[in-house]
1. Sorted from largest down, give the three principal axis spans of the alpha carbons of segment 416-455, whole angstrom values.
2. Just grab the label-to-label distance for K244 and V422, each label 7 Å out from Cα along the Cβ direction, in nm (one decimal).
3. List D147, D72 from most exposed to least, where exposure is judged by having the fewest other Cβ atoms within 10 Å.
4. 7 Å from Cα along Cα→Cβ at both M120 and N322: what's the point-to-point distance in nm?
5. Order of S377, S279, S164 from fewest to most other C-beta atoms within 10 Å?
6. With the contact rule set at Cα under 8 Å and sequence spacing of 6 or more, what percent relative contact order holds for segment 424-499?
7. Using the beta-carbon distance between T208 and H61 and R0 = 30 Å, what value does 1/(1 + (r/R0)^6) give for FRET efficiency, to the nearest 0.05?
8. Exactly which trypsin sites (Lys or Arg not before Pro) in segment 383-432 are in a DSSP loop and have at most 15 other Cβ atoms within 10 Å?
Amino acid sequence: MKQSGVIKSGLVVVISGYILRLIHLELSLLGYYERSKGYTKISSHPDKFITFKVLRDLPFHGVVGHDPYVCDIKNRAFHNSFTRPGVLDFHTRVKTNLNILYIGSSIGHQFARAFQEAAMSIDREVIRYAWWVRRQHENTHVALTPDNGTISGLRVTGLFTNMSKDVPKTMAPAGGGGWLTYDIREMKRMVHQWRPVKAIDTAWGKSTSPCEIETPANNFSHVNGTRNMTSSAAKVNAYSCKQKDFDVVVHQLPVEWIENMYFDQSITNDVLDEVVGVSFNYLGASTIILQTIPINNNARSLDELVIVNRRIWDYARAFELNATKRNENSTGTTTIPATHRRRILVMDLYSYSVDLFVQNSIEIGIITKNKGEELQSKLSNSVNPHEFLNLTMGLSEAFNHTMPIRGQRQIERKIGHTCGDVNCNTKSMISYDGMHWCMRETGGRLNAGLACLIQCSLMNNDETRDDVVRLCERKCNARFMSLVPLSWEENGTQFNVNGTNLTGIAYY
């Protein structure tokens, strides 16, 4: 599953044999689509699309919404191996008319805001703030793309289940995973028809939507989007209450904020069933993307991360197998119309964080160069997620190089993850605080990886084999959830961006 770079003399180089196998698989994928469809666009849905470009030296502004966790440039070490061409020197531009919802903690909100910037949002509305501090901490927000798609974010400090539905006391910033159905309805109305909204300033504040305010003149049905009106409600009458479902739901599973439980105790198969069920049935998504759990300060051990991430991968594969069996039982064939097919894809944040952790640990001396290169070679040549996860157990010694965080006895800083030197006199460029990401440095790959996986989901038609979609998923994670350098010299094209020519690679 995983392809990483191997560091030799400070350079990031590619394991040639494995990449050749990957290229062969990519050519097979391309040939399959040329034979079966006769066109080059990935999407099998004529009315839905996503394309993206990765552009070298494209600035990341971080001005969409407010990210309280922007990594300052001062006192951060950006080691030479991270500055090599094609490693972390790019950001992403996305075009889409899809309706995409990101659900997660403040970390997921970082990802959502970055994707809103990548999608070149032309307008943005905040439905709810988590709490009133200069309106910096958002809870629910929606951005409009130039192609009438939407990128939404929902902050949930726990898992998105029915147990925490409409329980204000468990809303962020409190723990417990609270979420409110009337906020979801308002997001769906924004998906259906864009409009300004009046933001709610607290996690527990009541909805301000005319569709939620029940009066004799506004007898609204949430089910069919209609209301009985009187002439005195002319202002409300212009406010459409119709809703439209999301196409894609991305889950940044915020187990790191769940207290007194190991990650694998929080994410059980039953919990995943409920998260997935609510996302499909209530949010209306046809595709769910589950992110694996990356290295972070709140992880007690590598065992904990390996177990929970193996469970996420196994769940996604079991869902696929069960869906195929259901289709065979109901139709006698493995094909099913695209409008009825539901898929779960995995975005491997863990593999990305491992690549960053290993390389940074080599740079600061926690892992010796020889041992680090040997491990990177093994990780690069792993053929499936289970093998990759097992190999990462070789990082246990480096993972246990920690430093207590002042005032928080139960949390220890992972030196290879958060520090720019072995004594932690400087910070790394990986993470703001051991939990949140330095999006200016790492966001290009995060946005490209998500856009790539969503492209895979649009292969969802009656001629698409499951193994083709899995190959696409594998390719996306290999290319972007790693430090494998992009080849600007061989594949780069000149694109004009805001009057400036930038070298980039387009993915259509």
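Readers should treat all values here as calculations from the given coordinates under stated rules, not as data from a laboratory. Treat the numbers as computed from the prediction; the structure is a model and nothing was measured. Every residue, glycine among them, receives a Cβ derived from its backbone with ideal geometry; neighbour counts consider all protein chains shown.
1. Projected onto the principal axes, the Cα atoms of segment 416-455 cover 43, 14, 13 Å.
2. Placing both labels 7 Å along Cα→Cβ, they lie 5.7 nm apart.
3. Starting with the residue having the fewest Cβ neighbours, the order is D72, D147.
4. Between M120 and N322, the label points sit 4.1 nm apart.
5. Sorted ascending by nearby Cβ count, the order is S377, S164, S279.
6. Computed over segment 424-499, the figure is 24 percent.
7. 0.55
8. Answer in residue order: R406.
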